[in-house]
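Remarks on the structure that follows.
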Amino acid sequence: DLAQQRELVLSGRMYDDLTPELLAARETAVVAAAAYNDSFGRHAEERLRLLCLCVGHAGRNVHFEPTLRVEFGFNISAGDDFYVNFDCVMLDGGGITMARAVIGSGSVVTSDQPARSVAAGVPARVLREITDRDRTGWPS
């Protein structure tokens, strides 16, 4: 079942990526991400509702520019005050947790990103800390 497959994926051990449960989970994630990406320009409440179908957790002030692509989605936790620029891919087989961070355009996120950081690249890596000099009205 999917719960067993999710546990195995997060364990870090070898697993069969082509089980019916994981194939179905990926398909669900692709459909959910497409709906979220298509919602660009709609009310924030509707976008948040659709985002919550793409990720396991979304905090306050979370924003993903289109296009967001996720592997499973259920292993992603986007905490408060989180911004992702355009064309981000999140390969969340091992789980991804982020908060109070900025992810650069075109990044492929494969692991946790620390709070108060700017990360970008393939794979995404921390480029620098977010400091008080970066404040533009986001909550501290």
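For the chain, the fraction of 1.4 Å probe accessible surface lying on carbon and sulfur atoms is 56 percent. Pairs of Cα atoms nearer than 8 Å and 6+ residues apart set the relative contact order; for the chain it is 15 percent.
Provide the gained length on full extension for the span ALA3 to GLU46, in nm with one decimal, where the gain is 0.36 nm per separating residue minus the Cα-Cα distance. Don't skip to the answer; put the middle values down first.
Numbers: separation 43, 0.36 × 43 = 15.48 nm, distance 2.79 nm.
Gain on stretching ALA3 to GLU46: 12.7 nm.
Cβ under 15 Å from VAL9's Cβ, VAL9 left aside: what net charge do those residues give with Lys, Arg +1 and Asp, Glu -1?
Working: positive: ARG6, ARG13, ARG26; negative: ASP1, GLU7, ASP16, ASP17, GLU21, GLU71, ASP92.
For residues surrounding VAL9, the net value is -4.
Rounded to the nearest 10 degrees, the inclination of helix 44-54 to the longest alpha-carbon principal axis of the chain is 40 degrees.
Would you please put 58-64, 124-130 in order of how densely packed they are, using the mean number of other Cβ atoms within 10 angstrom per residue and starting with the highest? Let's see the in-between values first.
Numbers: 58-64: 17.3, 124-130: 14.7.
In decreasing order of mean packing, 58-64, 124-130 become 58-64, 124-130.
Given a 10 angstrom Cα cut-off, can you work out which residue in ASP112, ASP92, ASP38 is the most mobile in a GNM of the chain? Sorting by GNM fluctuation, first place goes to ASP38.
Our estimate of slack between LEU18 and VAL122, defined as 0.36 nm per intervening residue step minus the Cα-Cα distance, is 35.0 nm. For ASP38, what is the net charge nearby, where nearby means another residue's Cβ is under 14 Å from its Cβ and Lys, Arg count +1, Asp, Glu -1? Net charge around ASP38: +2. Considering only beta bridges that DSSP places wholly inside the chain, some 20 percent are antiparallel. Compared with the dominant principal axis of the Cα atoms in the chain, helix 20-38 is inclined by about 30°.
Percent of Cα-Cα pairs more than 25 Å apart in the chain, please.
Working: 2530 of 9730 pairs.
Percentage above 25 Å: 26.
In a simple Cβ point-charge model (Lys, Arg +1; Asp, Glu -1; nothing else charged), the chain has a dipole of about 460 debye relative to its Cα centre.
The values are calculated or read from the model by the stated rules, or taken from the named source; none is laboratory data. Given the structure is predicted, the values throughout are model-derived calculations rather than measurements. Backbone-built Cβ (ideal geometry, glycine too); neighbour counts: all protein chains shown. Just the protein is used for accessible areas: all its heavy atoms, side chains included, with ligands, DNA and RNA removed. Shrake-Rupley method; radii C 1.70, N 1.55, O 1.52, S 1.80 Å.
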